[in-house]
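A short write-up of the structure that comes next.
The values are calculated or read from the model by the stated rules, or taken from the named source; none is laboratory data. All values derive from a computational prediction rather than experimental measurement. Quick reminder, even Gly has a Cβ in these numbers, built from the backbone with ideal geometry, and neighbours come from all protein chains shown. To get the accessible areas, we keep the full protein, side chains included, count just its heavy atoms, and leave off ligands, DNA and RNA. Shrake-Rupley method; radii C 1.70, N 1.55, O 1.52, S 1.80 Å.
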Amino acid sequence: MLKNNFEFCFISKPYLWNVYTSNLIPNRMKKLLLMILLFVFAGVTTLFAQTRVISGTITSSVEGEGPIPGVTVQVKGTTIGAVTDANGRYSITVPNNSTTLVFSYIGMKSRRLR
């Protein structure tokens with residue numbers, strides 16, 4: 001009934017309308033909303049594409065000592081960092097423009113790797 005009354009009132013108008021649970025939404029607005037959502041999705045995926053994940057294992061150079069837990073891995077010039085686990089493994093998400101990682105451990109000299 002609502003749809004019939006609505007069509008009678010706006011039969012000569014150039015808009016296409018749909019009736020959804022008493023809400024009137026023009027098709028043009030639905031297309032605009034869809035376009036906005038696609039642009040937002042594209043922007044978010046672009047932001048995530050600007051980083052990369054670097055992972056590895058820190059081991060002792062002395063034979064038989066194995067992995068070193070608790071080593072700090074940091075991107076030079078930022079606050080982005082990670083700490084190795086009990087098996088010496090780490091995983092860090094870095095910006096694409098980062099070129100140097102700094103590895104530091106208590107009682108040892110820090111080392112920078114490019």
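Structure values in brief
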quantity: Most to least packed among 104-111, 85-92 [average Cβ atoms within 10 Å]; calculated: 85-92, 104-111
quantity: Residues of segment 31-114: accessible area per residue with a 1.4 Å probe, Å²; calculated: 77
quantity: Distance between modelled label sites at residue 60 and residue 35, nm, 7 Å Cα→Cβ extension; calculated: 6.5
